[in-house]
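Participant: I'd like to ask some things about the structure below.
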Amino acid sequence: MGRIERAPDWILKYEERIEKGTITVEDILEEENKTRENPIKISSVTRAINAMGYQITGLRREKKAEVEETKAEVEEEEREEGKKLVEKREEPEERVGGPGWLQKYRERIENGTITVEDILEEENKIRAVPIKLSTVTRAINTLGYPITGLRRERKEEVEAGAGAGVREEKKKVEKPIEERVGGPGWLQKYRERIENGTITVEDILEEENKIRAVPIKISSVTRAISAMGYQITGLRREREEEVKKAGMAEEVVYSSSIGKISEATEKRFNAIKKSWEKDLGKSLHNDYFVNILLALAKLVEHGKTLAPVPVKKEIK
């Protein structure tokens with residue numbers, strides 16, 4: 001059946017009840033099919049109502065039953081509150097935002113001790129017509145609270161230690177504030193060892209994956225350390241082992257392109273490098289410094305030297 005450009009005649013007899021909201025799409029379908037030789041579908045009714053210029057919202061039976069139930073609850077609550085207002089003019093705080101049936105869960109929602117699924121289960125135990133999960137989430141939103149952290153699976157994930165550790169950090173009020181600045185919560189327990197350089201990226205990965213339900217990757221660890229403001233340089237296991245094997249821990253390591261150098265030459269290099277850094281007012285990377293020396297050596301081989309740039313004197 002094609003699109004209806006104007007309302008058919010048969011729908012006009014229901015117009016008054018449609019306007020008042022005292023009839024549903026399903027009621028019209030049933031009444032029509034009692035008198036028709038060829039039954040129509042519910043889509044025909046909805047298109048006909050739309051052609052009249054009315055919205056289907058609120059005219060579906062299941063929606064209507066839910067609205068009527070909520071309306072009855074609100075009216076009953078308002079009657080009770082009306083009695084209280086005779087003695088107390090101020091409107092109760094629990095009446096602000098959200099439907100009446102949700103108010104009994106407000107305190108537990110604020111404290112984060114109840115989930116959306118818990119509310120759904122409790123409500124459907126006492127309701128004649130069960131509500132859906134989406135009804136609970138919308139109701140909580142009208143209270144002004146975000147759903148984040150109120151879903152059962154998310155709550156269990158955080159408690160298992162697979163979450164971001166936000167709830168765990170809130171409980172640790174005795175922990176200094178500066179230790180929680182920068183980086184995700186789960187990384188904070190490694191902060192001191194990262195600062196002291198006594199733990200590697202690989203060590204953190206191994207320790208974390210022993211306690212996590214869902215393993216993380218090494219890239220997650222490196223990003224987390226960077227978010228703390230620390231450099232990854234020196235925190236990789238292979239680099240640490242390389243330095244130990246060379247016996248150069250805590251010492252200057254020059255590029256292998258110049259081959260092995262004596263201890264005396266290394267001391268001379270360090271002295272020249274420090275002198276240059278002092279004159280320049282900034283530090284020089286080891287390899288960069290060696291490359292400059294090699295370039296100067298090449299000039300000497302070709303009988304060339306660097307001459308100072310002559311300074312032009314101003315004529316007065």
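Participant: Sort TRP101, TRP10 by Cβ crowding within 10 Å, fewest neighbours at the top. If you can, show how the numbers build up before the last one.
Facilitator: Numbers: TRP101 19, TRP10 15.
Result, fewest neighbours first: TRP10, TRP101.
Participant: Under a point spin-label approximation (7 Å from Cα along Cα-to-Cβ), what is the ILE261-SER275 distance to one decimal in nm?
Facilitator: 1.4
Participant: Let me ask something else. Given THR57, TRP10, ILE28, which one lies farthest toward the positive end of the charge dipole of region 9-59, if we put +1 on the Cβ of every Lys and Arg and -1 on the Cβ of every Asp and Glu?
Facilitator: THR57
Participant: Could you go through region 39-55 in sequence order and give the Karplus-derived ³J(HN,Hα) for each residue, using 6.51 cos²θ - 1.76 cosθ + 1.60 with θ = phi - 60°, rounded to whole Hz, and x for Gly and Pro?
Facilitator: 3J(HN,Hα) across region 39-55, in whole Hz: x, 9, 9, 5, 5, 5, 5, 5, 5, 5, 5, 4, 5, 6, x, 9, 8.
Participant: Please arrange THR200, THR137 by how many other C-beta atoms lie within 10 Å of their C-beta, fewest to most. Can you show the working numbers first?
Facilitator: Values: THR200 21, THR137 15.
Least to most surrounded, the residues fall as THR137, THR200.
Participant: Enumerate the calculated ³J(HN,Hα) couplings along region 25-33 in order (Karplus 6.51 cos²θ - 1.76 cosθ + 1.60, θ = phi - 60°), each rounded to whole Hz, writing x wherever the residue is Gly or Pro.
Facilitator: 4, 5, 4, 4, 4, 5, 4, 5, 6
Participant: Taking the Cα centre as origin and putting +1 on Lys and Arg beta-carbons and -1 on Asp and Glu beta-carbons, what dipole magnitude results for region 9-59, to the nearest 20 debye? The partial results should precede the final answer.
Facilitator: Details: 7 positive and 10 negative charges, 24 e Å.
Approximately 120 debye in magnitude.
Participant: Compute the FRET efficiency between ILE211 and GLN231 as 1/(1 + (r/R0)^6), taking r as their Cβ-Cβ distance and R0 = 35 Å, and round to the nearest 0.05. The partial results should precede the final answer.
Facilitator: On the way: r = 26 Å, r/R0 = 0.74.
For ILE211 and GLN231, the calculated efficiency is 0.85.
Participant: Report the gain in length on full extension from ASN196 to ASP118: 0.36 nm times residue separation, minus Cα-Cα distance, nm rounded to one decimal. The partial results should precede the final answer.
Facilitator: Working: separation 78, 0.36 × 78 = 28.08 nm, distance 4.57 nm.
So the extension gain works out to 23.5 nm.
Quick note: the coordinates plus some simple rules give every number you see, no bench work behind them. Remember, predicted model here, so these are calculated numbers, not experimental data. Note: ideal-geometry Cβ built from the backbone for every residue, glycine included; neighbour counts use all protein chains shown.
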